[in-house]
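The values are calculated or read from the model by the stated rules, or taken from the named source; none is laboratory data. Bear in mind that the values here come from a model prediction, so they are computed numbers and not experimental data. Note that each Cβ is placed from the backbone with ideal geometry, even for glycine, and that neighbours are counted across all protein chains shown. Heavy atoms of the whole protein, side chains included, go into the accessibility calculation; ligands, DNA and RNA do not. Shrake-Rupley method; radii C 1.70, N 1.55, O 1.52, S 1.80 Å.
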Protein chains: 2
Amino acid sequence: MTKIDDATIRFAHRLADASGEVIRPYFRQRIDVIDKGKIMEGALVFDPVTAADRGAEAALRQIITAERPEDGILGEEFGELAGHSGFRWVLDPVDGTRAFINGRHEWGSLIALEKDGAPALGIIDQPVLRERFIGVNGIAELHAGGSVERLRVRPCADISEAILCATHPYAYFDAGERAAFRKLAQSVRMSRFGGDCYLFGILAMGFADLVVESHLHRWDVAALIPVVKGAGGIITNWQGRDCSDGGQVVAAGDARVHEAALHILNDRHAD
Amino acid sequence: MTKIDDATIRFAHRLADASGEVIRPYFRQRIDVIDKGKIMEGALVFDPVTAADRGAEAALRQIITAERPEDGILGEEFGELAGHSGFRWVLDPVDGTRAFINGRHEWGSLIALEKDGAPALGIIDQPVLRERFIGVNGIAELHAGGSVERLRVRPCADISEAILCATHPYAYFDAGERAAFRKLAQSVRMSRFGGDCYLFGILAMGFADLVVESHLHRWDVAALIPVVKGAGGIITNWQGRDCSDGGQVVAAGDARVHEAALHILNDRHAD
């Protein structure tokens, strides 16, 4: 594992601080629902998420290019900037747009640092709750309320006892995935929906046993991996392989639950 | 509408303060998932929700019986206590048990005051976020961060533009309700799940257009009614009638969306 030095970790925290400063003022800005006809007619639509997302990413890119000009950048809003250091910052300042416009707290700013293509540091920052999950150098922490807490997933012996989380029961799954997910949901103790990146923080804290998503982008998942792994969890694609390029993701706190989930998700012949 | 005097409103706030004091220490207490076999064998299972819920309700009942001995009480945990004043306090200190054990913030303490059987004051208190929604005397407010904000639902001209929320896509609906809800979810712009009582605060703030639930108890719904109505919204059962006794509930910010939702929810012959 690539060791990330303290100066770089401090720099990552500064990026998260800067992102939160930009985003917080846009949260819960009142907008009326305007019907599509009016949008088509060219009325100005106030879009706080886009403004927050683009504003924050622009701020982060400015800090990175000024202070670490050799590093690469990949961001959801402004694409890729090649680097020469072997490091690349992967940015998604508002992961969970739909939660954001719904006035809810379960979205976050994702900041990852890749070394030679592998996620080596990940931050899931919730700037309104001021909760920051960080995974780096094999450990995961929650920074909140002025204190730092080491995170550990919890054991869960059997999938029938698991709490399963996903952002939505069907909106982000294709038809085959939906059938597989439904079967998984019938195998667990309890399913809960909503959450986006925040779910992986919940898993790292030991309050969920399984998170299943699909159709993620690299910037949606790169930051999650060091947090989940640092807390002792497992995060792969639905085939049990590396998921750092996005797509289907399954994260578990306990290897037994992860294995059972993969089995169910891939058992396309089952009822 | 029954006018609730300032002393009674202050008393209701004191109840919410007391409830939060009891509940906060139990939030995010780490527990491992214990399989049912072990529970059957008599192992002690730490249950922070029950402890929080019972502890808070006991504290509230003590305050009410000491200071307003003529009022009745109905609580989820300890049942009914008859009163003689025409007022009855309806209590559910942890509404959203599943969110609570999942380490998430979208649950709340519900405190309602009924006058002659009709909800006249309602509080949805989120003691960890320190957000308190209160509806009384025809207005709704959010008390948070030391300030008070008047709440207003937002307009939404057409159901196709609505954000629909429900606690779960199917767990709390029976088969017929599930089919009706699915049809409704296909008619809106976006559906989001999770939330329990907190969803009605989101609606009152103007960040959702429609909340649909079923199988609620009186203590789940009594507090919601003054908050939604005070913010200018509509809250009824699925037949468009009074829902203060619980059961099926549909709340909307805009009458046009409410009417369209009732139509879809009751159109059992449709595709």
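For a paramagnetic label modelled on B:Arg150 (point 7 Å from Cα along Cα→Cβ), amide N atoms under 14 Å away belong, within segment B:222-245, to B:230-232. Heavy atoms only, probe 1.4 Å: what % of the accessible area of segment B:161-261 goes to carbon and sulfur, would you let me know? Roughly 47 percent, rounded to a whole number. Averaged over the residues of A:159-172, the number of partner chain Cβ atoms lying within 10 Å of the residue Cβ comes to 3. Solvent-accessible surface of protein heavy atoms, probed at 1.4 angstrom with all chains present, puts B:His84, B:His143 in the order B:His84, B:His143, largest first.
The phi-based Karplus calculation (6.51 cos²θ - 1.76 cosθ + 1.60; θ = phi - 60°) puts the 3J(HN,Hα) values of segment A:230-239 at x, 8, x, x, 10, 9, 9, 7, 5, 9 Hz, whole numbers, x for Gly and Pro. Rounded, prolate or oblate: which fits segment A:190-244 when a ≥ b ≥ c are the square roots of the eigenvalues of the alpha-carbon gyration tensor, with rounded for a/c under 1.5 and prolate only if a/b beats b/c? It is rounded, given that a/c, with a ≥ b ≥ c, falls under 1.5. For chain A, the antiparallel share of DSSP beta bridges with both residues in that region comes to about 80%.
Using a/c under 1.5 as the rounded threshold, could you call segment B:6-150 rounded, prolate or oblate? The axes a ≥ b ≥ c are square roots of the C-alpha gyration tensor eigenvalues, and prolate needs a/b larger than b/c, oblate otherwise.
On the way: a/c = 2.58, a/b = 1.52, b/c = 1.69.
Verdict is oblate for segment B:6-150.
Distance from the alpha carbon centroid of segment A:68-97 to that of segment B:120-183 works out to 37 angstrom. Computed over chain A, relative contact order equals 16 percent, with contacts defined as Cα pairs under 8 Å that lie 6+ residues apart.
With every protein chain left in place, what is the accessible area per residue of the protein assembly as shown in square angstrom, probe 1.4 Å? Write down the numbers at each step before the final one.
Numbers: 21510 Å² over 542 residues.
So the protein assembly as shown comes to 40 Å² accessible per residue, rounded to a whole number.
Cα gyration tensor of segment B:159-265, axes a ≥ b ≥ c as square roots of the eigenvalues: rounded (a/c below 1.5), prolate (a/b > b/c) or oblate? Rounded, because the longest to shortest axis ratio a/c is under 1.5.
Summed for both chains, how many Å² of accessible area, to the nearest 100, are buried between A and B with a 1.4 Å probe?
Numbers: alone 12910 and 12920 Å², together 21510 Å².
Summed over both sides, the interface buries about 4300 Å².
Entry note, chain B: the mean residue ellipticity at 222 nm calculated from DSSP H runs of n ≥ 4, each adding -39500 (n - 2.57), is -9500 deg cm²/dmol after division by the residues and rounding to the nearest 500. Here the Karplus curve 6.51 cos²θ - 1.76 cosθ + 1.60, taken at θ = phi - 60°, turns the phi angles of segment A:79-91 into couplings of x, 9, 10, 5, x, 10, 9, x, 9, 9, 8, 10, 10 Hz, with x standing for Gly and Pro.
Between B:Arg24 and A:Glu67, the modelled labels are 3.3 nm apart [label points 7 Å from Cα along Cα→Cβ].
Treating each Cα of chain A as one equal point scatterer and applying the Debye formula with no solvent, the log10 of I(q)/I(0) at q = 0.08, 0.13, 0.16 Å⁻¹ comes out as -0.32, -0.83, -1.19. Highest mean packing comes first when the peptides B:160-171, A:192-203 are listed by Cβ atoms within 10 Å, giving A:192-203, B:160-171. Mean partner shielding of peptide A:102-109, defined as the number of other chain Cβ atoms within 10 Å of each residue Cβ, is 5. The distance between label points at B:Arg182 and B:His84 comes to 5.5 nm (points 7 Å beyond Cα on the Cα→Cβ vector). Straight-distance candidates among the aspartates and glutamates for linking to B:Lys183, with alpha-carbon spacing under 14 Å and chain neighbours fewer than 8 residues away dropped: B:Asp267, B:Asp271. Per-residue mean of foreign Cβ neighbours for A:24-30 is 2 (Cβ atoms of other chains, 10 Å radius). Apolar share of the accessible surface for segment B:6-150: 51 percent from carbon plus sulfur atoms, 1.4 Å probe.
So the label point sits 7 Å from Cα along the Cα-to-Cβ vector; using that for B:Glu67, what distances do you get to the other copies, in nanometres, sorted shortest first? Inter-copy label distances (nm, one decimal, shortest first): 5.0. Taking R0 as 30 Å, what's the FRET efficiency between B:His217 and A:Ala157 from their Cβ-Cβ distance, rounded to 0.05? Efficiency, from the Cβ-Cβ distance: 0.35. Peptides B:62-75, A:223-236, A:244-257, A:178-191 ranked from most to least packed give A:223-236, A:244-257, A:178-191, B:62-75, packing being the mean of other C-beta atoms within 10 angstrom over each peptide's residues.
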